[in-house]
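Derivation of every value follows stated rules applied to the coordinates shown; laboratory data play no part. As the structure is a prediction and not an experimental result, all values here were calculated from the model. Glycine also receives a Cβ, built like all others from the backbone with ideal geometry; neighbour counts cover every protein chain displayed.
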């Protein structure tokens with residue numbers, strides 16, 4: 001018997017989609033010294049130009065969700081470590097997972113989004129580009145996993161799906177490989193930026209970067225120090241170095 005699909009029937013019984021406040025994925029975390037310039041925002045701290053009391057610690061965190069979650073966006077947070085968001089929300093949650101912040105980069109994790117509140121417990125709000133007042137959110141880390149398989153099994157177990165062996169980051173198709181390569185490139189950019197901040201000599205930069213890439217399986221799977229992407233990233237950073 002043929003089933004007749006009725007869009008009005010579907011519309012009559014439609015329900016608003018429920019979006020999970022919990023996300024499983026891999027972390028890209030970076031920290032660097034900065035100063036806050038009016039009208040500009042965060043700029044890299046330069047001891048030759050800035051006073052020590054101007055120095056702040058910038059924290060950049062991106063969560064790349066598991067492909068199984070089918071999310072088309074990443075979780076991104078950029079803040080100053082000397083802030084309530086970091087000190088009272090994110091830092092304690094990292095410590096509760098049994099690791100230090102410096103160990104967070106490239107870890108597989110479970111996080112949740114929560115409303116950021118002030119010291120009185122009231123939500124911190126902001127006005128978006130449309131003039132709508134919204135509550136600001138931040139993230140808290142719930143679990144840190146030893147690898148992608150543990151992370152994926154935890155996600156699938158919560159949603160009642162049998163965990164299957166997982167052999168690559170985002171599944172077994174070309175699009176998944178593209179996503180994995182883009183994730184690796186994002187990590188590579190951070191490593192290049194960090195090395196170029198501490199080194200000015202090109203040979204020293206290349207040597208240091210080659211050693212770091214070799215220690216990171218996700219990056220070394222797609223890139224070497226001689227890859228065009230790496231060369232271009234180094235060149236871009238070198239252009240910004242004052243001589």
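Tabulated values for the structure
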{"item": "Degrees between helix 202-214 axis and first principal axis of the chain (Cα, 0 to 90, nearest 10)", "result": "30"}
{"item": "Neighbour-count ranking [beta-carbon atoms within 10 angstrom, fewest first] of 191, 126", "result": "126, 191"}
{"item": "Two-site label geometry, residue 106 and residue 84: point separation in nm, points 7 Å out along Cα→Cβ", "result": "3.6"}
{"item": "Gain in span if fully extended, residue 236 to residue 44, counting 0.36 nm per residue against the direct Cα distance", "result": "67.6 nm"}
{"item": "Value of relative contact order over the chain, rounded to a whole percent, pairs C-alpha under 8 Å and six or more apart", "result": "15"}
{"item": "Alpha-carbon radius of gyration plus Dmax, which is the widest Cα pair, for the chain in Å", "result": "21.4, 80"}
{"item": "Radius, Kirkwood style, for region 75-163 when every pair of distinct Cα atoms is counted (Å)", "result": "14.9"}
{"item": "Helical contribution to [θ] at 222 nm, DSSP H n ≥ 4, -39,500 (n - 2.57), averaged over the chain, rounded to 500", "result": "-9500 deg cm²/dmol"}
{"item": "Degrees separating the helix 174-198 axis from the principal Cα axis of the chain, which is the longest one", "result": "30"}
{"item": "Angle in degrees between helix 228-239 and the longest Cα principal axis of the chain, rounded to the nearest 10", "result": "50"}
